[in-house]
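Peer 1: Take this structure first; my questions come after.
The values are calculated or read from the model by the stated rules, or taken from the named source; none is laboratory data. In this text the structure is predicted, and so the values were computed from the model without any measurement. Virtual Cβ from ideal backbone geometry, glycine too; neighbours counted across all protein chains shown.
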Amino acid sequence: MAENVIIIGSGPAGLTAALYTARANLHPLVIEGYQPGGQLTTTTEVENYPGFENGIQGPELMAIFRRQAERFGARYLTTDVTSVDLSHPPFTVTTAEETLHCQALIIATGARARLLGLESERRLMGHGVSTCATCDGFFFRDKRVAVVGGGDSALEEALFLTRYADRVTVIHRRDALRASKIMQERALANPKIKFVWDSVVEDIRDPEQGKVTGLVLRNVKTKETSRMDADGVFVAIGHDPNTAFLAGQVELDAKGYIVCRGDTSRTSVEGVFAAGDVMDPVYKQAITAAGSGCRAAIDCDHYLASIRTTERLP
Ligand code: NAP
């Protein structure tokens with residue numbers, strides 16, 4: 001028996017889609033992944049989600065989202081999707097354990113921030129290491145922070161952080177920025193922003209203290225290493241959408257994001273919808289993801305209603 005709708009992903013987009021489709025009596029099945037809750041579960045305090053005037057911990061916020069959708073009948077499978085077959089409805093969704101079928105599919109698998117891959121970065125994530133200045137910049141009032149990267153994201157993060165931090169140092173592995181000219185001009189003109197060129201981060205200190213105290217940098221040209229004091233590090237070296245499992249089934253853009261039709265959640269496959277960071281390379285906020293999850297649920301409900309009407313026709 002095919003499900004009405006399967007939702008892949010359990011961040012703000014997936015769980016909002018679950019809430020709305022559950023309240024539309026579609027009995028959604030959410031495949032929440034082995035690490036439910038999405039990127040918010042890797043942050044600590046969330047202060048920019050409306051409705052929580054004193055802030056809330058990221059994992060707690062996602063637990064509330066989950067329970068709220070469950071109250072209206074959303075069901076959850078804690079597993080990862082390995083592949084999908086969207087060539088014809090009902091669509092096939094394969095997990096490590098079983099093969100499922102659905103009339104409609106909402107893809108809300110999010111994106112992941114690229115990381116440097118250091119053990120110290122992993123241990124200090126949420127404790128001075130962050131991938132989102134909009135989320136965490138506020139905690140660095142009058143502090144010294146480093147931003148890693150040379151693209152638009154890095155400079156946008158750096159400029160945003162100058163509202164709070166005392167000193168912002170952009171560390172870039174080359175001597176030329178990738179960012180757009182206008183962002184370069186703004187960042188270079190900002191007296192709070194300094195640049196360290198041709199340098200990579202070799203280590204972040206100090207996991208033993210459970211907080212960021214500084215960085216070990218290596219100049220890629222001279223091979224010299226140096227220490228830099230810092231209270232926080234923002235890694236801004238790009239994002240990758242989680243679309244590898246879609247492998248040619250639905251239209252993606254050059255960077256791997258799902259392409260939606262106009263101002264809707266409809267993808268290149270009728271009956272397949274996308275929501276959240278997996279189709280949004282620009283805003284990437286919990287609240288925008290939640291909003292797009294709502295949109296996908298409404299588009300999905302309309303689609304299912306339309307195919308049911310068609311099926312009843314002689
Ligand atoms: P991006 O353009 O791919 O830039 C990533 C930056 O990180 C590059 O400077 C790259 O260095 C560096 N980098 C990558 N891997 C690294 C590593 N392992 N170690 C050290 N440095 C590393 O990504 P993005 O800045 O996130 O931007 C993505 C897209 O969104 C772009 O098209 C951008 O224009 C757009 N965007 C626009 C705005 C805006 O207009 N306000 C804001 C944000 C993003 P190299 O330069 O050496 O490759």
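Peer 1: Among the residues of the stretch 157-174, is any more than 17 Å from residue 144 (Cα to Cα), surrounded by 18 or more Cβ atoms within 10 Å (Cβ to Cβ) and at pLDDT below 95?
Peer 2: No, the conditions are met nowhere in the stretch 157-174.
Peer 1: Same structure again: So, in the stretch 116-136, exactly how many residues are small (Gly, Ala, Ser) and either without any contact (Cβ under 8 Å) to a residue 40 or more places away in the chain or within 15 Å of the ligand (Cβ to nearest atom) (or both)?
Peer 2: Residues flagged as small (Gly, Ala, Ser) and either without any contact (Cβ under 8 Å) to a residue 40 or more places away in the chain or within 15 Å of the ligand (Cβ to nearest atom) (or both) within the stretch 116-136 amount to 4.
Peer 1: Of all residues in the stretch 223-249, which are touching a residue at least 40 places away in the same chain (Cβ under 8 Å) and not in a strand (DSSP E or B)?
Peer 2: The answer is 230, 231, 236, 237, 238, 242, 243, 245, 246, 247, 249.
Peer 1: Please go through the stretch 230-263 and give me each residue that is away from the ligand (no atom under 15 Å from the Cβ), out of contact with any Leu (no Cβ under 8 Å at 6 or more places or on another chain) and not polar (S, T, N, Q), ordered by number.
Peer 2: Residues satisfying the conditions are 231, 232, 244, 245, 247, 248, 251, 260, 261, 262, 263.
Peer 1: Please work out if residue 221 is exposed (fewer than 14 other Cβ atoms within 10 Å of the Cβ), at pLDDT 95 or above and within 16 Å of the ligand (Cβ to nearest atom).
Peer 2: Numbers: exposed (fewer than 14 other Cβ atoms within 10 Å of the Cβ): yes; at pLDDT 95 or above: yes; within 16 Å of the ligand (Cβ to nearest atom): yes.
Yes; evaluated as a whole, the condition is true for this residue.
Peer 1: Right, here's the next one. Quick test for you: out of 308, 295, pick the one residue that is surrounded by 18 or more Cβ atoms within 10 Å (Cβ to Cβ) and either of a type in the set (Asp, Glu) or in a helix (DSSP H, G or I) (or both).
Peer 2: Details: 308 fails: surrounded by 18 or more Cβ atoms within 10 Å (Cβ to Cβ).
Result of the check over 308, 295: 295.
Peer 1: Given (1) of a type outside the set (D, E, K, R); (2) free of Cβ contacts under 8 Å to residues at least 24 places away in the same chain; (3) more than 9 Å from the ligand (Cβ to nearest atom); (4) farther than 24 Å from residue 123 by Cα, where does residue 182 come up short, assuming only one miss?
Peer 2: Every listed condition holds for residue 182 apart from (3).
Peer 1: Looking at residue 3, is it among the acidic types (Asp, Glu) and buried (at least 20 other Cβ atoms within 10 Å of the Cβ)? Write out each step before concluding.
Peer 2: Values: among the acidic types (Asp, Glu): yes; buried (at least 20 other Cβ atoms within 10 Å of the Cβ): yes.
Yes.
Peer 1: Further question on the same structure: I need every pair where a residue in the stretch 264-287 that is within 16 Å of the ligand (Cβ to nearest atom) has its Cβ under 7 Å from the Cβ of a residue that is among the hydroxyl-bearing types (Ser, Thr, Tyr) and modelled with pLDDT under 95, sequence separation at least 6 or different chains.
Peer 2: 285/134
To keep it simple, each residue is scored yes or no on (1) under 28 Å from residue 215 (Cβ atoms); (2) crowded, with 16+ Cβ neighbours inside 10 Å; (3) modelled with pLDDT of 90 or more.
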{"residue": "62", "(1), (2), (3)": "no, yes, yes"}
{"residue": "74", "(1), (2), (3)": "no, yes, yes"}
{"residue": "106", "(1), (2), (3)": "no, yes, yes"}
{"residue": "120", "(1), (2), (3)": "yes, yes, yes"}
{"residue": "127", "(1), (2), (3)": "yes, no, yes"}
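Residues are listed down the side, and each one gets a yes or a no for (1) within 13 Å of the ligand (Cβ to nearest atom); (2) not in a strand (DSSP E or B):
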| residue | (1), (2) |
| --- | --- |
| 188 | no, yes |
| 194 | no, no |
| 201 | yes, no |
| 211 | no, yes |
